[in-house]
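Participant: The structure is given below, and queries will be raised subsequently.
The values are calculated or read from the model by the stated rules, or taken from the named source; none is laboratory data. Note that this is a predicted model, so its numbers are computed, not measured. Note that each Cβ is placed from the backbone with ideal geometry, even for glycine, and that neighbours are counted across all protein chains shown.
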Amino acid sequence: MNASFSAPHRRWLVWASLALAVLLVAVIGWLAFARGSHNLAGGSSPASASTAEDASGVNILLDLAQTATKEKRLVAPAGSNAFEFYMSVLQLDPENKAAQDSLHGLFSPASEDVERSINNNDLDEAQRELALLREFDSTNYTLSLLGGKLDAARQVMIKQDEARAAAIQAANVQNDAAH
């Protein structure tokens, strides 16, 4: 009896969900159309609307960057750190003094974060963080040193992996010889 009751009930849920999705798309479309018509009717040019949106975006990114800085998220996690937010500000406004000053001020502690990632053998994360800092200042000597340290750490890790592989292979050969 449950099976005969649940099939029509499931069909009803599918149709109701489909109707709700269509309604949602229609509302979103109407809102997008109304917003576009309002901008045109209001007489604001697309250039001024774009400039206002850029300024708003810059302010939002600056707020996000300041929050990330307070929370000590200088170069990690990926996509939600102060350096990436400030770099995004500079993409929208290349002359933004606040972002430039903040990036310069955060550079040394961010470099320390990269070194900490290397020391913790989180080499892929260190590589990402180092690339982020190089995007801001590709000629910085500290970054060259960190790049060398990262390369050396990768070589050590490769040697350790090769030694483990050789030990496993030797153990397998001994086991095969014993049997």
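Participant: Going by what's in this entry, would Ser144 be described as free of Cβ contacts under 8 Å to residues at least 40 places away in the same chain, of a type outside the set (Lys, Arg) and in contact with a helix residue (DSSP H, G or I) (Cβ under 8 Å, 6 or more places away or on another chain)? Write out each step before concluding.
Facilitator: Details: free of Cβ contacts under 8 Å to residues at least 40 places away in the same chain: yes; of a type outside the set (Lys, Arg): yes; in contact with a helix residue (DSSP H, G or I) (Cβ under 8 Å, 6 or more places away or on another chain): no.
Taking the combined requirement at face value, the residue does not satisfy it.
Participant: Considering only region 112-157, state which residues are touching a Leu at 6+ places or on another chain (Cβ under 8 Å) and more than 19 Å from Tyr86 (Cβ to Cβ). Lay out the reasoning, then the answer.
Facilitator: Taking region 112-157 and keeping what is touching a Leu at 6+ places or on another chain (Cβ under 8 Å), we get 113-115, 117-118, 123, 126-127, 130, 133-134, 136-137, 140, 143, 146-147, 150, 153-154, 157.
Across region 112-157, the qualifying residues are Glu115, Ser117, Ile118, Leu123, Ala126, Gln127, Leu146, Gly147, Leu150, Ala153, Arg154, Met157.
Participant: If you don't mind, there's one more thing I want to ask. Name every residue in region 152-174 that is exposed (fewer than 13 other Cβ atoms within 10 Å of the Cβ) and either outside the structural domain of His104 (by TED's automatic domain parsing) or under 15 Å from Asn119 (Cβ atoms) (or both), in order of residue number. Spell out how you get there, then give the answer.
Facilitator: Here is the first cut: in region 152-174, the residues exposed (fewer than 13 other Cβ atoms within 10 Å of the Cβ) are 152, 155-174.
Passing the criteria: Ala152, Val156, Met157.
Participant: Going through region 123-151 one residue at a time, which ones are surrounded by 15 or more Cβ atoms within 10 Å (Cβ to Cβ) and among the polar types (S, T, N, Q)?
Facilitator: Within region 123-151, Gln127, Thr142 qualify.
Participant: Let me ask something additional. Consider region 59-72. How many of its residues are closer than 15 Å to Ala110 by Cβ and either at pLDDT below 95 or buried (at least 19 other Cβ atoms within 10 Å of the Cβ) (or both)?
Facilitator: 3
Participant: For Glu95, state whether it is out of contact with any Ser or Thr (no Cβ under 9 Å at 6 or more places or on another chain), at pLDDT 95 or above and of a type in the set (Asp, Glu).
Facilitator: Values: out of contact with any Ser or Thr (no Cβ under 9 Å at 6 or more places or on another chain): yes; at pLDDT 95 or above: yes; of a type in the set (Asp, Glu): yes.
So Glu95 passes the test.
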